[in-house]
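The values are calculated or read from the model by the stated rules, or taken from the named source; none is laboratory data. Given the structure is predicted, the values throughout are model-derived calculations rather than measurements. All Cβ positions, even for glycine, are placed from backbone atoms using ideal geometry, and neighbour counts span all protein chains on display. Ligands, DNA and RNA are excluded from the accessible area calculation, which covers all protein heavy atoms including side chains. Shrake-Rupley method; radii C 1.70, N 1.55, O 1.52, S 1.80 Å.
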Amino acid sequence: MTFEYAPAPESRAVVDIASSYGLFINGEFTSPVDGGSFKTVNPATEEVLSEIAIAGQADVDAAVSAARRAHSQAWGLMAGRDRAKYLFRIARLIQERSRELAVLETLDNGKPIRESRDVDLPLVAAHFFYYAGWADKLEHAGLGSNPRSIGVAAQVIPWNFPLLMLAWKIAPALAAGNTVVLKPAETTSLTALAFADICQQADLPPGVVNIITGAGDTGRMLVEHPGVDKVAFTGSTEVGKSIQRAVAGTNKRLTLELGGKAANIVFDDAPIDEAVEGIVNGIFFNQGHVCCAGSRLLIQESVAEEVLDSLKRRLGTLRLGDPLDKNTDIGAINSAEQLARITELVESGEQEGAERWSPECTLPDRGYWFAPTIFTSVTQAHRIAREEIFGPVLSVLTFRTPDEAIEKANNTPFGLSAGIWTEKGSRILWMANRLRAGVVWANTFNRFDPTSPFGGYKESGFGREGGIPGLAAYLQTDDEGQNS
Amino acid sequence: MNERVEVRKTYKLFVGGAFPRSESGRTYEVLDFEGDFLANAAKASRKDGRDAVLAARKSFGAWSAATAYNRGQVLYRIAEVMEGRRDQFIADIASAEGVVGLDAPRIVDAAIDRWVWYAGWADKVAQVLGTTNPVAGPYFNFSIPEPTGVVVAVAPQASSLLGLVSVIAPIIVTGNACVVIASTERPLPAITLTEVLATSDVIGGVINVLTGDPAEIMPWLASHADVNALDLTGITDPALATELEIAAADTVKRVRRAAPDEDWHEPATLSRIRGFVETKTVWHPLGV
């Protein structure tokens, strides 16, 4: 029996998108000096949403100068308890405007409203709330003597969780007394610009937060700017490496949160139904546009067939379509470019001999879409088992012993996250010890919290966001030498 | 007069717990602070560097899996054995660094005490840097520091013993394995230290000491894919430091930048330990 769902779209009336946006520098929206702009589209419909300014060198200079002035004349001198109150204000404003921001995020990014409403926005507000409380308690964080801000932070964020990544960057930076220049991803600038409006509503002193929009060139100008003291980047490993090269030989501090190729490991004693939900959440959450996605499923051989059957059955019930529809499980791919990248990697999987499977799934006529996809008969040498796909594509491998599972899980240059599914507690801890990954989810997956540090081993980057380590990334103390 | 002819020592590398010569067969002259000949030291090649990384990687599994209590005891044992050779280190330091009077004993004592200080950290780091995290949901969540892996370090050029110990101890105490390039012009105290390490229950390969020229060896190790982090403390040439930092980016290595002027008599801090650990966070649901 099939159920027909009536459409249940969230109303767009709650958002008011301007036809064009300037740059947010020194507390005001200004036109870029060279006047360039690009169009931002709704990836689910290809409808043009707005014109976004492109910041050039003069704009980057202006933003960094504004941040420097704000640091030396206002924010850097302000008592921690007052910085805290601004951050609490921002947290409350985000809560008040969360429906609007969720709809805007879904329109610009393509993610299901269920996720932007129930995951992204609550976490954004929580992140500001958590770090607000640190602003007047820095000396209690145990990070060294005389903890203080670093200065001006250059922050470049990706398009997969636009507002959440902004919160991960701005909240700890401001709590520690830094000022920031943030560049959102080219395809998802709108919620960052809405956040600029929130900064105005909060009466945040001008220049403490500056938002400059543009593509890779703007980002490069920002991180290479000599007036910047700290660089924080979330995005691809390739760009992360180029940023690490760019800051070499400077005194800039650097944190990088890069790609991943997480193993999600299912043992034969795992509760299969729960594990299948975890597998689905691990790879199909946010269309697989998740750096910590459980993109390599490792199943113990004896239950491989059972898990796969159950997984395929579950995938048959996933609903792909209008991201604004409250019943939608899988939204749009964020851009034509990303869709091309996913398509190319999936084709390589077929060419290299893996078996491709997708549930029956009708893709909308317009917009960028990719059906949930599973590959079986995958070997560790296949590109789909080694490279980050950043899409709704799962590669399935099998193992016989815990040692083999560890060997395969760690056989990657990445080390961001991993999952373990088993009822045996001692095995969970044994596995968690040996997995070379920054976040290990046991009998769960893709959980996030502002108190919980997030970040990778190896080529997944260095530094952490969230918790006390997330605060450390924006502080200097009298005890430290120079770790880049 | 029948003065005894002393037996001189051949100074070699320390790799994988053994004392090989450089595979290149090369040596270089080591002079004392007055410019007089002291010894020939092995001039390590890039191949020696790679062998040392291999040895370090091989030891990493056992050393990082050792209990923190055990690692603490091993570091303390190094201090004990050093204490027994105190006079030899004082003589080494005096001829290498030209320090006179009470300065040489002061340096050696500080080096021994530094091992003791770091030894005590082994079973406390996780308590100070780790924590449980009060997440907003039905989960138990904790974060712990874990060793980064294989760390390649350049020891300070001037402070040939105290600086060297101050670089090595914080790297290995948390379970990392290291390859360290000793002071180029003052390598003999480092070699004496390797004789201590060889008899101190340190697993072979956890500390590998090379003598030679960092400018020759480091570019190969900075781009080595099986190295996880660099400690450039002893690099004195800013251009070389930048070049190494750029090479490190190829595999996203953690880099501690050059600090040629660090005062090693200052009390140590947690900073160096922090530089070479990763935070691992584990989640598990609560339920019945």
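Looking only at the range B:19-46, which residues are more than 30 Å from B:V100 (Cβ to Cβ) and not aliphatic (A, V, I, L, M)? Spell out how you get there, then give the answer.
Within the range B:19-46, the subset more than 30 Å from B:V100 (Cβ to Cβ) is B:19-26, B:44-46.
Within the range B:19-46, B:F19, B:P20, B:R21, B:S22, B:E23, B:S24, B:G25, B:R26, B:S45, B:R46 meet the criteria.
Comparison of A:G142, A:G151, A:G133 shows that the only residue that is surrounded by fewer than 24 Cβ atoms within 10 Å (Cβ to Cβ), at pLDDT below 95 and of a type outside the set (D, E) is A:G142. Take A:A84 and decide whether it is part of a loop (DSSP other than H, G, I, E, B), aliphatic (A, V, I, L, M) and in contact with a helix residue (DSSP H, G or I) (Cβ under 9 Å, 6 or more places away or on another chain). When the stated conditions are applied, A:A84 does not pass them. Scanning the range B:119-141 for residues that are more than 7 Å from chain A (Cβ to nearest Cβ) and of a type in the set (F, W, Y), which turns out least open to solvent (accessible area, probe 1.4 Å)? Applying the filter and picking the extreme gives B:W121.
Okay, residues lined up against (1) under 19 Å from the mean Cα position of the chain (by Cα); (2) among the acidic types (D, E); (3) part of a helix (DSSP H, G or I); (4) over 20 Å from B:G204 (Cβ atoms):
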position: B:K58; (1), (2), (3), (4): yes, no, yes, no
position: B:A62; (1), (2), (3), (4): yes, no, yes, no
position: B:Y69; (1), (2), (3), (4): no, no, yes, yes
position: B:I107; (1), (2), (3), (4): yes, no, yes, yes
position: B:I112; (1), (2), (3), (4): yes, no, yes, yes
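Is there a residue being out of contact with any Ser or Thr (no Cβ under 9 Å at 6 or more places or on another chain), in contact (Cβ under 8 Å) with a residue 24 or more places away in the chain and open to solvent by less than 20 Å² (accessible area, probe 1.4 Å) anywhere in the range B:99-114? The answer is yes, given that some residue of the range B:99-114 is out of contact with any Ser or Thr (no Cβ under 9 Å at 6 or more places or on another chain), in contact (Cβ under 8 Å) with a residue 24 or more places away in the chain and open to solvent by less than 20 Å² (accessible area, probe 1.4 Å).
Per the listing A:T40, A:T106, the residue uniquely open to solvent by less than 40 Å² (accessible area, probe 1.4 Å) and not in a helix (DSSP H, G or I) is A:T40. The condition of being more than 12 Å from chain A (Cβ to nearest Cβ) and under 27 Å from A:K458 (Cα atoms) holds for only one of B:V116, B:V152, B:V100, that being B:V152. A search for C-beta distances below 7 Å between a residue of the range B:148-163 that is more than 23 Å from A:R464 (Cβ to Cβ) and any residue that is open to solvent by 10 Å² or more (accessible area, probe 1.4 Å) and among the β-branched types (V, I, T), counting only pairs 6+ apart in sequence or on different chains, returns B:Q157/B:T184; B:Q157/B:T236; B:L161/B:I107; B:L162/B:I107. Taken together, A:R12, A:R92, A:R99, A:R81 contain a single residue that is at negative phi, open to solvent by 60 Å² or more (accessible area, probe 1.4 Å) and not assigned by TED's automatic domain parsing to the domain that holds A:P147, which is A:R12.
The rows are residues; the columns are (1) of a type in the set (A, V, I, L, M, F, W, C); (2) open to solvent by 40 Å² or more (accessible area, probe 1.4 Å); (3) under 25 Å from A:S236 (Cα atoms); (4) under 20 Å from the mean Cα position of the chain (by Cα).
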position: B:A241; (1), (2), (3), (4): yes, no, no, yes
position: B:L244; (1), (2), (3), (4): yes, no, yes, yes
position: B:A249; (1), (2), (3), (4): yes, no, yes, no
position: B:R256; (1), (2), (3), (4): no, no, yes, yes
position: B:E262; (1), (2), (3), (4): no, yes, no, yes
position: B:E266; (1), (2), (3), (4): no, yes, no, yes
position: B:K280; (1), (2), (3), (4): no, no, yes, no
position: B:V288; (1), (2), (3), (4): yes, yes, no, no
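The set of residues in the range A:228-251 being touching a Lys or Arg at 6+ places or on another chain (Cβ under 8 Å) and open to solvent by less than 20 Å² (accessible area, probe 1.4 Å) consists of A:V228, A:K230, A:V231, A:A232, A:T234.
Scanning the range A:109-120 for residues that are part of a helix (DSSP H, G or I), within 15 Å of the chain's Cα centre (by Cα) and buried (at least 24 other Cβ atoms within 10 Å of the Cβ) turns up A:N109, A:S116, A:D120. Against the condition part of a helix (DSSP H, G or I), open to solvent by 40 Å² or more (accessible area, probe 1.4 Å) and farther than 21 Å from B:N176 by Cα, how does B:K9 come out, does it pass? In short, no.
Okay, residues lined up against (1) at negative phi; (2) not in a helix (DSSP H, G or I):
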{"residue": "B:A96", "(1), (2)": "yes, no"}
{"residue": "B:G101", "(1), (2)": "no, yes"}
{"residue": "B:V128", "(1), (2)": "yes, no"}
{"residue": "B:F142", "(1), (2)": "yes, yes"}
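Counting only helices (runs of 4 or more DSSP H) that fall entirely inside the range A:188-270 and contain at least 1 residues that are more than 30 Å from A:G282 (Cα to Cα), modelled with pLDDT of 95 or more and within 11 Å of chain B (Cβ to nearest Cβ), the qualifying elements are A:237-247. Determine whether the range A:374-383 contains at least one residue that is under 22 Å from A:S302 (Cβ atoms), assigned to a loop (DSSP other than H, G, I, E, B) and open to solvent by less than 40 Å² (accessible area, probe 1.4 Å). Within the range A:374-383, one or more residues are under 22 Å from A:S302 (Cβ atoms), assigned to a loop (DSSP other than H, G, I, E, B) and open to solvent by less than 40 Å² (accessible area, probe 1.4 Å).
Name the residue that is surrounded by the fewest Cβ atoms within 10 Å (Cβ to Cβ), counting only residues in the range B:225-238 that are closer than 19 Å to B:G212 by Cβ and either in contact (Cβ under 8 Å) with a residue 60 or more places away in the chain or facing chain A (nearest Cβ under 8 Å) (or both). Before the answer, list the steps.
Keep residues of the range B:225-238 that are closer than 19 Å to B:G212 by Cβ, which gives B:227, B:230-237.
This time we only want the ones that are either in contact (Cβ under 8 Å) with a residue 60 or more places away in the chain or facing chain A (nearest Cβ under 8 Å) (or both), so: B:227, B:230-236.
Values: B:V227: 24, B:L230: 27, B:D231: 28, B:L232: 25, B:T233: 24, B:G234: 26, B:I235: 26, B:T236: 16.
In this case the residue turns out to be B:T236.
A residue that is in contact with a His (Cβ under 8 Å, 6 or more places away or on another chain) and within 30 Å of B:A268 (Cβ to Cβ) occurs nowhere in the range A:179-198. Listed by first and then second residue, the pairs with beta-carbon distance under 7 Å, at least 6 apart or on different chains, first residue in the range B:259-286 and within 7 Å of chain A (Cβ to nearest Cβ), second open to solvent by 70 Å² or more (accessible area, probe 1.4 Å) and part of a strand (DSSP E or B), are B:H284/B:F140.
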